[in-house]
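Here is the structure we will look at, set down as structure tokens.
The values are calculated or read from the model by the stated rules, or taken from the named source; none is laboratory data. Given the structure is predicted, the values throughout are model-derived calculations rather than measurements. Neighbour counts are summed over all protein chains in view; Cβ atoms, including those assigned to glycine, are modelled from backbone coordinates with ideal geometry. All accessible areas refer to the heavy atoms of the entire protein, side chains included, with ligands and DNA or RNA removed. Shrake-Rupley method; radii C 1.70, N 1.55, O 1.52, S 1.80 Å.
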Amino acid sequence: MISNNRNDNARIAKNTFFLYIRTFLILIVSLYTSREVLRILGVEDYGIYNAVGGFVAVFGLISGALSNAISRHITYALGKDSFENLHKVFCTSVNIQVVISLIILILSEIIGLWFISEKMNIPTNRIEATYYVFHFSLFTFVINLISLPYNALIIAHEHMKVYAYISILEAVCKLLILYLLLLSNYDRLVLYCLLLLIVSIFVRVVYGIYCNHNFGESKYKLIIDSKLFREMLSFAGWNFFTNISYVLNTQGVTLMVNAYFGVLMNSARGIAIQVDGAISQFVNNFTVAVNPQITKNYAKSDFSRMNSLICKGTKFAYFLLLIVSVPVFFEVEYLLDIWLVEVPDHTSNFIRLSILGALVATLGNCGYTACMATGNIRKYSIYITSITSLVFFFTWIAFYFGLPVESTYYIYILVYVIVQIVRLLLMKELLKFPISLFVKDVLLKLILPTIISFSIPYFIIATCDKSVLRLIISVMVSLTVTISSIYLFGLTSGERNYLYNKVKLKIRR
């Protein structure tokens, strides 16, 4: 058992490494391609692409809920080690995706065309191009939707290296698109969307070939299991319900910020969301590597190992975010001056508060996966969605009574503290999870490293003027202090010994 646990831990570390490489490369490519696409297409065509793409992206709520349902059922079936059941789950997942894709195609063609012709403000000479953009964007979305079961198989089997390679291949293809756009004299907006569709089809084929060669359960057959079909749709439905609160707390709050404070505050909030997303992605890579293990151990009824993974996963995810966040927290103004030509007011405050909010939210990621593993998520979805939606409604009240724009972030932090408490109570009910274990192994281990990490770098910032030298010193001190405090106060003696021996072994090699 100990040997198996060590192998699992090594696999998590290895998978996290590959996902970090993937994220780093994709981030660089994305920053470059987004700038170049804007330059090549021009402001008007780029605006059309984003407006039409935003309409199609609304259906991402559905795909997100389906993705969670498919990932949970495939990983659970894999944990049960039943090929027949796993094959049935995969085929049912494909059936669901085909049905949902047809519904989305029909609804989008009816509603989307009406929306473009009647509601969107499009220059007359670009109407025809806009229709092409809409159709290509829609088909690209559907292709990605149908790919979800194959992606879920790769992640459930923990073949993260391949997942990373395919994602990097997709990023390279998008770089090639830029080159083709520069060579072409055809309508570049239409060509861009067509090439994105071709890349999606190509990536879908690559996923299919890899899965068919490595996973026997991915060979599709028309299997109709009405009970499983309803079960997965029910799971997706409750997950969709949970996703609604996310939309309220992001897009809904953004609209309120616009209504009460204007577009400049929207710009500041948009930049904060980008920074928060980039930082959080590093933590998401770790949880993607841990999550399959949590679900598999629940399926095998190895609750001791599952509880250990929940605690360790939460603690290390928090520490990873802390390491990345502290330098950004203290040097955000200078970093913004380097990155942007003109920095909107309140941007630095928004980023700092969103970092604190992300640290609080991170405490629930592994617990969420464990609750999803049970499949019985009705009560969980109702409770958590009801509480998280309070961010939107309390923000509305705060703005109505004239509180400053930052108040929405304070509300978010407070609400998500309550969410973590309620989630722990639900975990105790659903999983018989010992709350005292979480307090002892996670919360108490986080306090000292957090206090030390935010205290010591503060004195450097307070005593030095903004400069490149201060940035270098601040980053070095922040990283040194944060990593040292985590090592001394955040890790157990066993974790410290394991890390020490690993580092010593690497140095010897």
**Item:** Dipole magnitude (debye, nearest 20) for the stretch 208-318, charges at Cβ of Lys, Arg, Asp, Glu
**Value:** 280
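How high is the FRET efficiency from residue 483 to residue 202, r the C-beta distance, R0 45 Å, rounded to 0.05?
Step by step, r from the Cβ atoms, then E = 0.65.
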**residue 260/residue 356 FRET efficiency (R0 25 Å; Cβ-Cβ; nearest 0.05)** = 0.65
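Percent of accessible area on the stretch 179-252 owned by carbon and sulfur, 1.4 Å probe?
Numbers: 2810 of 4180 Å².
Ligands and nucleic acids excluded, carbon and sulfur reach 67 percent.
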**Asked** Which value, in Å² rounded to 10, gives the accessible area of residue 170 with a 1.4 Å probe and all protein chains present?
**Response** 50
**Complete:** Length gained if residue 115 through residue 383 is fully extended, taking 0.36 nm per residue and subtracting the Cα-Cα distance, is 93.0 nm
**Complete:** Length-normalised contact order of the stretch 208-323, Cα under 8 Å, at least 6 apart, in percent, tallies to 17
**Message:** Taking a cut-off of 28 Å, what percent of all Cα-Cα pairs in the stretch 360-506 are separated by more than that?
**Reply:** 45
**Complete:** Per the 1/(1 + (r/R0)^6) rule, R0 = 41 Å and r from the Cβ atoms of residue 439 and residue 144, FRET efficiency to 0.05 is 0.50
**Fill in**
Mean separation of Cα contacts under 8 Å (at least 6 apart) over the residue count of the stretch 70-224, i.e. the relative contact order in percent, is 38
**Message:** Give me the one-decimal nm value for the distance between modelled label points at residue 165 and residue 428, 7 Å along each residue's Cα-to-Cβ direction.
**Reply:** 4.7
**Distance between modelled label sites at residue 221 and residue 493, nm, 7 Å Cα→Cβ extension** = 5.6
**Asked** What percentage of the solvent-accessible surface of the stretch 255-348, computed with a 1.4 Å probe over protein heavy atoms, is contributed by carbon and sulfur atoms?
**Response** 61
**Fill in**
With a 19 Å threshold on alpha-carbon distance, the violating pairs from 300/445; 379/428; 300/440; 315/440; 221/300; 312/445 are 300/445; 300/440; 221/300
**Whole-Hz couplings from phi, Karplus 6.51/-1.76/1.60, listed for the stretch 437-444; x for Gly and Pro** = 5, 5, 5, 6, 8, 10, 4, 5
**Convex hull of the stretch 130-200 built on C-alpha atoms - directionally averaged projected area, nm²** = 4.8
**Message:** Assuming 0.36 nm per residue, please report the length gained on full extension of the stretch residue 29 to residue 465 beyond their Cα-Cα distance.
**Reply:** 153.6 nm
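For the stretch 88-170, which whole-number percentage of the solvent-accessible area (1.4 Å probe, protein heavy atoms only) is attributable to carbon and sulfur atoms?
For the stretch 88-170, the apolar C and S fraction of the accessible surface comes to 66 percent.
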**Complete:** Averaged per residue, the 1.4 Å probe accessible area of the stretch 234-309, protein heavy atoms only, in Å², is roughly 41
**Asked** For the stretch 238-359, how big is Rg over Rh, using alpha carbon atoms and the Kirkwood form of Rh?
**Response** 1.08
**Prompt:** How much length is gained if the chain between residue 36 and residue 102 is pulled fully straight, taking 0.36 nm per residue apart and subtracting their Cα-Cα distance, in nm to one decimal?
**Reply:** 20.4 nm
**Complete:** So the compactness index of the stretch 426-509, its C-alpha Rg divided by 2.2 N^0.38 Å, takes the value 1.50
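Order the following by accessible area, largest value first: 294, 456. Probe radius 1.4 Å; ligands, DNA and RNA are ignored.
456, 294
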**Request:** Determine the shape class of the stretch 334-415: with a ≥ b ≥ c the square roots of the Cα gyration tensor eigenvalues, call it rounded for a/c under 1.5, and otherwise prolate if a/b is greater than b/c, oblate otherwise.
**Result:** oblate
**Fill in**
Projecting the Cα atoms of 480, 450, 501 onto the charge dipole of the stretch 431-506, where Lys and Arg contribute +1 and Asp and Glu -1 at Cβ, the residue farthest towards the positive end is 501
